[in-house]
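The values are calculated or read from the model by the stated rules, or taken from the named source; none is laboratory data. Bear in mind the structure is a predicted one, so any value in this text is a computation, not a measurement. A quick note on method: Cβ atoms are made from the backbone with ideal geometry, for glycine too, and the neighbour counts reach across all protein chains shown. Please note that ligands, DNA and RNA were not included when accessible areas were found on the heavy atoms of the full protein model with its side chains. Shrake-Rupley method; radii C 1.70, N 1.55, O 1.52, S 1.80 Å.
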Amino acid sequence: LIAYLLVFAMAPIMAIYIGDAMHVPLFGDLVVLQAHAFGVDVEGKIAFVCDEESLPANLCPNVSIHRLESHQFFVPGLVDLHVHAPQYSYAGTATDKPLMQWLEAYTFPAESCLQDLKLARIVYQRVVERLLRLGTTTAVYF
């Protein structure tokens, strides 16, 4: 299977990460993969996954190999389907008002400031960087 994936991979393998991983393919179905190898191509996409023992020693001779520490593990990225970038600076704060008053006091003024495209780029860049640092890899931004 690995050879098949590599032959048909669109981009060369850049790195191999070896460690444990967890995911939930179906609700309530936790799957733990122990000592697995994850091949990542130059576009940052996972090109293959296999158990470490199945990984041929000379599979990718010129790629960097990274081994997780025993206390580390891989998990899929989180998905956030409703992110209001203008509200980023108020995350976890300003809960002192009912919703409409809160929107009028904080959100609408913050949104109107983003008519300045330079400021909007800065705010959205910071929001995306923060969410990525926290493990959110997919989001719908407003």
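Residue order by solvent-accessible surface for 65, 16 is 65, 16, largest first, with ligands and nucleic acids left out and a 1.4 Å probe. Over all other residues within a Cβ to Cβ distance under 12 Å of residue 37, the charged ones net out to -3, with Lys and Arg as +1 and Asp and Glu as -1.
Residue 95 sits with roughly 130 Å² accessible to a 1.4 Å probe, with DNA, RNA and ligands left out of the calculation.
With the highest mean first, a sort of the peptides 22-33, 120-131, 67-78 on other beta-carbon atoms found within 10 angstrom per residue produces 120-131, 67-78, 22-33.
Under a model in which nothing but the beta-carbon of Lys, Arg (+1) and Asp, Glu (-1) is charged, the chain shows a dipole of about 440 debye around its Cα centre. Average accessible surface for the chain: 72 Å² per residue, computed with a 1.4 Å probe over protein heavy atoms with every protein chain in place.
Computed extension length for residue 34-residue 141: 35.1 nm, one decimal, from 0.36 nm per residue of separation with the Cα-Cα distance subtracted. With the simple spin-label model, which puts each label point 7 Å out from Cα in the Cβ direction, the residue 62 to residue 117 separation comes to 4.1 nm. Considering only 56, 79, 90, and ranking their Cα positions along the charge dipole of segment 2-142 that arises from unit charges at the beta-carbon of Lys, Arg, Asp and Glu, the one farthest toward the positive end is 90. Each helix, a run of at least 4 DSSP H residues, gives -39500 (n - 2.57); summed and divided by the residues of the chain, these come to -6500 deg cm²/dmol at 222 nm. Cα convex hull, the chain: 172 Å³ per residue, rounded to a whole number.
Extension gain, residue 93 to residue 15: 0.36 nm times the residue separation minus the Cα-Cα distance gives 24.1 nm. Here the simple spin-label model places points 7 Å from the Cα toward Cβ, and for residue 128 and residue 45 these points are separated by 1.9 nm.
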